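Below is one structure, written out as structure tokens; comments come after it.
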Amino acid sequence: MAKERSLFMGPRLRRLRRDLGVTQAVMAEDLEVSPSYIALMERNQRPMTAEMLLRLAQTYRLDLASLASDRREDYAARLSTALRDPMFADLELAATEIEDFGNSFPGTADALLRLYTAYQEGQLALADRGEDAPSSPDPVAEARRFLSARHNSFPSLDDAAEGLAQRIDAAGDFEDFLSARGLKIRRLPADVMVDSVRRFDQHRSELVLDERLDKASSAFQLALQIAYLELKEAIDDAAVDSHFDTDNGKRLARRALANYAAGALMMPYRRFVSEAEDRQYDIEALSRLFGVSFEQVAHRLTTLQKPGQEGVPFFFIRVDAAGNVSKRLDGAGFPFARHGGSCPLWSLHKAFQSPRRLLTEWVELPDGERFFSIVRTVMAGGGAFGAARIERAIALGCAAKHADKLIYAKATALSAENPTPIGVSCRLCHRMDCIARAEPPIGRQILPDDYRRASAPFGLADR
């Protein structure tokens, strides 16, 4: 017979009590226990019994399933991921030791994970403070660090969205679900929307969408509104252990989490990762299957790092024709440039010459690490004659060791043995003979050209 495991839920109980606006004494009276017992449970010094869990759910009319969800396996998996960091390479930590720690000391495990996440954010902040980094606070960089430190993976948010997606399926679709909540869905012309694509009118219980939105964009806006209405607590919890220097940075991170949740509603995690593996990560096939856009699938593919259910780790970048980076998501450890543009030799910047055509390429960084990338242009806006639209290029890629799982790498005639040599940015690339170089690398001396002009833009000294 399997041994029954104790359920510790101190931080959740404390947060629940505060959300309800009651003291430990009041909750103790409601649950017919002593205040000291409530205090012990909140400090994880006493487990939550099945009887107490049922009493809590009945007293405050709460969902028993959401209360009873046990996060210890999640702690163990997340701890295992954190402890694989190279700084712990000299420590021999057995998997059973990590699991026992997560099970026995969930509060301490949570504290350790918060510290490690803060450390990662700090490392990324240091990388952002380069020679040319802006001196004033940068909310966009803050939000990007928030996502990058977590590899754009939020398992608890995926779980919450998956449960909600089942309720939506039972209702019919997104519109049926919102209608059942008493919301009326309307689609109006652009001049009535006044520069909005979605507007929620609480007074009239009405959700209004721009009639020019295509099917995938309309579905995303519906999913996004549902996420804001139904997953507010899960979204807030996903950012609870973060620090932001600016309110704008916090708002951008929260917006990114809401977008993440919307994508998770449209493409529920377990089904999506299963279908992605079955179709060898064929983006177009997945977009048809889930009724979403090419870019929406590319976004979702960067999130497949849920412990125990991992898919291929991907990175994603989106640029406009001028080279401005408007989105950057990393689940694959790709060393994005923190400032400035990316390497002009990468096919990402050639995509505008062949709109909507899919380009594949093996690339190699100066340190020898190789990646496989998939590039294509995507269009935003439009929907009517004269409507503003913008074309951008997106790149989705993975490390060479995962490329054999992709249908594109199997079909391409390009060889991994002859990759395109690219750099993170000119300032960090020390390839001497690159004719596409825009700036000299940091720390290298420029040779005078009184008597000799190199073929590359800058002649560089060996040391």
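Every residue in segment 110-152 that is modelled with pLDDT under 85 and hydroxyl-bearing (Ser, Thr, Tyr), please.
116, 117, 119, 135, 136
Please determine whether any residue of segment 346-360 is of a type in the set (S, T, N, Q), over 22 Å from residue 417 (Cα atoms) and not in a loop (DSSP other than H, G, I, E, B). First the steps, then the outcome.
At the first step, the residues of segment 346-360 found to be of a type in the set (S, T, N, Q) are 347, 353-354, 360.
Cutting the leftovers down to over 22 Å from residue 417 (Cα atoms) gives us 353-354.
In the following step, the residues that additionally are not in a loop (DSSP other than H, G, I, E, B) were identified as 353.
Yes: one or more hits.
Of all residues in segment 30-59, which are among the aliphatic types (A, V, I, L, M) and either within 35 Å of the chain's Cα centre (by Cα) or more than 14 Å from residue 10 (Cβ to Cβ) (or both)?
Matches in segment 30-59: 31, 33, 41, 48, 50, 53, 54, 56, 57.
Of the conditions (1) touching a residue at least 12 places away in the same chain (Cβ under 8 Å); (2) farther than 25 Å from residue 201 by Cβ; (3) among the aliphatic types (A, V, I, L, M), residue 216 clears all except one; give me its number.
(2)
Identify, from the list 247, 278, 236, the residue that is within 26 Å of residue 142 (Cβ to Cβ), more than 15 Å from the chain's Cα centre (by Cα) and either surrounded by fewer than 15 Cβ atoms within 10 Å (Cβ to Cβ) or in contact (Cβ under 8 Å) with a residue 60 or more places away in the chain (or both). Don't jump to the end; show me each part of the working.
Working: 278 fails: within 26 Å of residue 142 (Cβ to Cβ); 236 fails: more than 15 Å from the chain's Cα centre (by Cα).
After applying the criteria, what remains is 247.
What number goes with the only condition from (1) within 30 Å of residue 214 (Cα to Cα); (2) surrounded by 13 or more Cβ atoms within 10 Å (Cβ to Cβ) that residue 355 does not pass?
With (1) within 30 Å of residue 214 (Cα to Cα); (2) surrounded by 13 or more Cβ atoms within 10 Å (Cβ to Cβ) applied to residue 355, the lone miss is (2).
Being surrounded by fewer than 20 Cβ atoms within 10 Å (Cβ to Cβ) and either of a type in the set (Phe, Trp, Tyr) or without any contact (Cβ under 8 Å) to a residue 40 or more places away in the chain (or both) is the filter; apply it to segment 295-325 and report the residue that is farthest from residue 391 (Cα to Cα).
By that ranking, first place goes to 310.
Could you tell me which of the residues 404, 462 is of a type in the set (Asp, Glu) and at pLDDT below 80?
So the residue among 404, 462 that is of a type in the set (Asp, Glu) and at pLDDT below 80 is 462.
Could you tell me whether any residue of segment 326-335 is assigned to a loop (DSSP other than H, G, I, E, B) and either free of Cβ contacts under 8 Å to residues at least 60 places away in the same chain or of a type in the set (S, T, N, Q) (or both)?
Within segment 326-335, none of the residues are assigned to a loop (DSSP other than H, G, I, E, B) and either free of Cβ contacts under 8 Å to residues at least 60 places away in the same chain or of a type in the set (S, T, N, Q) (or both).
Tell me yes or no: at least one residue of segment 25-41 is modelled with pLDDT under 80, outside any helix (DSSP H, G or I) and either of a type outside the set (A, V, I, L, M) or not assigned by TED's automatic domain parsing to the domain that holds residue 105 (or both).
Within segment 25-41, not a single residue is modelled with pLDDT under 80, outside any helix (DSSP H, G or I) and either of a type outside the set (A, V, I, L, M) or not assigned by TED's automatic domain parsing to the domain that holds residue 105 (or both).
Given the condition at pLDDT below 85 and loosely packed, with under 14 Cβ neighbours inside 10 Å, answer yes or no: does some residue in segment 416-423 qualify?
The answer is yes; a qualifying residue exists.
Residues checked against (1) out of contact with any Leu (no Cβ under 9 Å at 6 or more places or on another chain); (2) closer than 18 Å to residue 228 by Cα:
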residue: 166; (1), (2): yes, yes
residue: 172; (1), (2): yes, no
residue: 175; (1), (2): no, yes
residue: 178; (1), (2): no, yes
residue: 184; (1), (2): no, yes
residue: 188; (1), (2): no, no
residue: 195; (1), (2): yes, no
residue: 210; (1), (2): no, no
residue: 213; (1), (2): yes, no
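If I ask for residues that are surrounded by 13 or more Cβ atoms within 10 Å (Cβ to Cβ) and in a loop (DSSP other than H, G, I, E, B), which ones from segment 183-195 would you list?
Once the filter is applied, which keeps residues that are surrounded by 13 or more Cβ atoms within 10 Å (Cβ to Cβ) and in a loop (DSSP other than H, G, I, E, B), segment 183-195 yields only 183.
Taking the condition of being surrounded by 17 or more Cβ atoms within 10 Å (Cβ to Cβ) and either closer than 21 Å to residue 108 by Cα or in contact with a Cys (Cβ under 7 Å, 6 or more places away or on another chain) (or both), how many residues in segment 21-43 meet it?
Number of matching residues: 3.
Kindly establish whether residue 13 is closer than 20 Å to residue 63 by Cβ, modelled with pLDDT of 75 or more and surrounded by fewer than 17 Cβ atoms within 10 Å (Cβ to Cβ).
It is false that residue 13 is closer than 20 Å to residue 63 by Cβ, modelled with pLDDT of 75 or more and surrounded by fewer than 17 Cβ atoms within 10 Å (Cβ to Cβ).
What number of residues in segment 375-407 are surrounded by fewer than 17 Cβ atoms within 10 Å (Cβ to Cβ) and in contact with a Ser or Thr (Cβ under 8 Å, 6 or more places away or on another chain)?
Here the count works out to 1.
The values are calculated or read from the model by the stated rules, or taken from the named source; none is laboratory data. Please read all numbers here as calculations on a predicted model, not as lab measurements. Positions of Cβ are generated from backbone atoms using ideal geometry, with glycine treated the same way; all protein chains shown enter the neighbour counts.
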